[in-house]
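A short worksheet on the structure shown next.
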Amino acid sequence: MKLLVVDSDRDLVEMLTSWLKTVGYEVYRAYTGEQARAQWVEHRPDLVILDSALEDVDALAMCRDMRTKHDALLLIATDGKDVRDEVRCLESGADDYLRKPFFPSQLLARIRAISRRARSTLEQRPSSIVTVGPIRVDSLHNEVTVQGKTSRLTPTEGKLLHFLATNANDVCTSRQIVTHVWGYGGEGDVSLIKAHIRRLRQKIETDPAKPRYILCVPGVGYTMVRHPAEEQEAKEVVRPLRAVSS
């Protein structure tokens, strides 16, 4: 697995690069946004570990641009302590978020979780396309098509939307979502899930503020609704378990 470590803290980059190589990863490094762009194009990393506070560039905007050239998984490692900073990063397309300072074991666990998710996506090749009404989810290519309009998904968005679509009309609990999408157990991180749900709604819903397909089931999780045929929608709208748009 190829990693790209991007941080203006040279000592941290050197330490992480040396350590990650000892545990078997192919690692490249960058200290600026300009260097990151060059390394991203040249080496086409599987995962980018990025400090969101680069001095010479808007790091998140750079990642969105670079993902159109080569789509890599993105782990944000930052000094940010505010929950709003975490939500901003996740809403900008990050696959995971790690606050500094962190233990090497924490970073390694996150890398392995993301790696498992990437392998799982490849293993889903025969059933990677799921259709729910007018929505066609292609988790292999991280795309969603709604009534002929195709939008790109981040790897995390693709994994999450495919999971919901595969289980259409069933409620997926927060615990199930976190285990399937992020690869680790425990209680679901509501803010982590909610940020990605919000982004998915922007891509598939006609009115994201009044979603019809991805609905929240309060205190439980989320469900993707498979509506009847279009001509019957005015008569019946499925809303399992008091599903609401929050």
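The values are calculated or read from the model by the stated rules, or taken from the named source; none is laboratory data. Owing to the predicted nature of the structure, the values given are computational and were not obtained by experimental measurement. Quick reminder, even Gly has a Cβ in these numbers, built from the backbone with ideal geometry, and neighbours come from all protein chains shown. Heavy atoms of the whole protein, side chains included, go into the accessibility calculation; ligands, DNA and RNA do not. Shrake-Rupley method; radii C 1.70, N 1.55, O 1.52, S 1.80 Å.
Selection of the stretch 45-56 for residues being open to solvent by 40 Å² or more (accessible area, probe 1.4 Å) and free of Cβ contacts under 8 Å to residues at least 60 places away in the same chain yields 53, 55, 56. Among the residues of the stretch 22-48, those identified as farther than 20 Å from residue 58 by Cβ and in a loop (DSSP other than H, G, I, E, B) are 23, 24, 25, 44, 46. Checked against the criteria, residue 73 counts as modelled with pLDDT of 85 or more and in contact with a Pro (Cβ under 7 Å, 6 or more places away or on another chain). Residues that are out of contact with any Asp or Glu (no Cβ under 6 Å at 6 or more places or on another chain), open to solvent by less than 10 Å² (accessible area, probe 1.4 Å) and at pLDDT 90 or above do occur in the stretch 138-152. The one condition from (1) assigned to a helix (DSSP H, G or I); (2) at pLDDT below 85; (3) open to solvent by 80 Å² or more (accessible area, probe 1.4 Å) that residue 191 does not meet is (3). Free of Cβ contacts under 8 Å to residues at least 40 places away in the same chain and assigned to a loop (DSSP other than H, G, I, E, B) - does that describe any residue in the stretch 12-21? No: zero hits. Scanning the stretch 62-92 for residues that are part of a helix (DSSP H, G or I) and either free of Cβ contacts under 8 Å to residues at least 24 places away in the same chain or farther than 19 Å from residue 35 by Cβ (or both) yields 65, 83, 84, 85, 86, 87, 88, 89, 90, 91. Scanning the stretch 194-219 for residues that are hydrophobic (A, V, I, L, M, F, W, C) and either at pLDDT below 55 or open to solvent by 60 Å² or more (accessible area, probe 1.4 Å) (or both) returns a single hit, 209.
The residues in the stretch 77-87 that are within 21 Å of residue 8 (Cα to Cα), at pLDDT 75 or above and open to solvent by 40 Å² or more (accessible area, probe 1.4 Å) can be counted, and the count is 1.
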